[in-house]
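Structure first, then comments.
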Amino acid sequence: LAQDVLLKEMRVATLLLLTVLLLGLSGAFGQFFVRLGDEKNKGGDDKAVGDAAGGEQDLEARWKNFVRWFRENGGIISSKLTLKERNARIGVYFKERMRRGETLVSFPRTLRLDEKAALKSKVGHVFRELKEKEVYPDLRVLLYVVYEFKDTESFWRPYMDILPRKFNNIMALTDAELRKLLRRPGCENTHNLGVQMRRTFNKFYNQYKQLVEPNYPGVLQFTRDDLLWGFNVLVTNGWGTGADGTGDKILVPFSDIPAHRRESAQKASNRGFISAAKEYQAGEELTFDYGLLNDAILAFYGTPTPDCRGLKR
C-alpha cells in the first residue's frame, strides 16, 4: 500500500512539473513572473539581473569564458553576440549587424546536462542508486545541477557562471501576494500554477529529506534555498525530453539564455543549427521562440516531439 501511495505521489509530482514546463514553453505566464507592483520589471524575463557570479562588472568576462568553453567542446556561437544587462535583466544582444541566413549558434551533442550526464559523472554511482530507489526523475536532474553548481572545479563552471542566481518568478511571491492574483482579472490560472509549483517543490524537498540527505553525507548535502534555485533552473531553463512531454529534463547551454518571444526571427534545424531569419542590427536583442526551439533541440538530441513546427529538415 505504501508503495502504491509513493508511486501515485510521483505521478502527481511529475504531472505538476510537466504543467509548469509546458506553460513556460508557451510563454503563457512570463508576464506574471515579477513581484507584484514592480513596474520596472513588468513584461520582462523571469531571470533576475546582477545575480550571476561576480556581479555586473565582469559580465563580459564571464561571457567570453563561456563562449570559449562552448567552442572548445564543439559548439559554434556567432562572434557578433554578447551578453548585456538592460531593462533590469540580462539578455543576448548583437554587437554588429547580422545578415539573414548567418549562423547564430550550433549546439554540440556533448553539452547536455541531464541524467545521462549525471550517471557518467564522478558521482554517477550515487545517481544510479537514486534511480534504483525511484527518486523522482526530475529531482535527480535537479540534484545533479545543484551538485555541479556547488563544485568550483566543475566542467560545467562556465555555464553555471552565466546562469541567474535569483529568479524573480512566481515562486518568489509571498503567500499574500499569490492570493492577490485571485483578485486580478484573468490571473486565476496563474494563481493555480503558483500553488502547483509550490506543491511540486515541496514534494521534491520532502523526498530529498527522506531518501537523499540522510544517505549521502558530504555528497548531496544542500540547503532548501539550494534546491529551490535548482528547481527554478529546471523549470525556467530546462527542456522536456519525452515525446509526450514527460520524463527527465535536459539543460542545453546557451539555448536558455536569450529571452522568449513568440515568432522570433530564427530558423531552427534538427541538425542543431539556428540561423537568422532576418537582418539584425547592432544593439538589437536576440530572442528565441521557446516552442520552436524546444522542438529543434529535442529533435537534435534524438527525442521526437509531436509538433516539430518550423523545423528545417
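The values are calculated or read from the model by the stated rules, or taken from the named source; none is laboratory data. Please read all numbers here as calculations on a predicted model, not as lab measurements. Here the Cβ is made from the backbone with ideal geometry for all residues, glycine too, and neighbour counts use every protein chain on show. With ligands, DNA and RNA removed, areas are computed over all heavy atoms of the protein, side chains included. Shrake-Rupley method; radii C 1.70, N 1.55, O 1.52, S 1.80 Å.
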Being part of a loop (DSSP other than H, G, I, E, B) and either in contact with a helix residue (DSSP H, G or I) (Cβ under 6 Å, 6 or more places away or on another chain) or open to solvent by less than 40 Å² (accessible area, probe 1.4 Å) (or both) is the filter here, so list the residues in segment 137-159 that pass it. 151, 154, 156
Based on this model, can you work out whether residue 268 counts as at pLDDT below 95, touching a Gly at 6+ places or on another chain (Cβ under 7 Å) and either assigned to a loop (DSSP other than H, G, I, E, B) or more than 22 Å from residue 172 (Cα to Cα) (or both)? yes
So for segment 208-216 (the condition being farther than 21 Å from residue 122 by Cα and touching a residue at least 12 places away in the same chain (Cβ under 8 Å)), does at least one residue qualify? no
What are the residue pairs meeting all of these: first residue in segment 166-189, first residue aromatic (Phe, Trp, Tyr), second residue outside any loop (DSSP other than H, G, I, E, B) and open to solvent by less than 50 Å² (accessible area, probe 1.4 Å), Cβ atoms under 9 Å, and 6 or more apart or on different chains? 167/47; 167/228; 167/229; 167/232; 167/233; 167/235; 167/236
Name every residue in segment 206-225 that is surrounded by fewer than 19 Cβ atoms within 10 Å (Cβ to Cβ) and in contact with a helix residue (DSSP H, G or I) (Cβ under 7 Å, 6 or more places away or on another chain), in order of residue number. 216, 219, 224
Going residue by residue through segment 110-120, is there one that turns out to be surrounded by 18 or more Cβ atoms within 10 Å (Cβ to Cβ) and without any contact (Cβ under 8 Å) to a residue 60 or more places away in the chain? yes
For segment 113-136, does any single residue satisfy the condition of being in contact with a strand residue (DSSP E or B) (Cβ under 7 Å, 6 or more places away or on another chain) and outside any helix (DSSP H, G or I)? yes
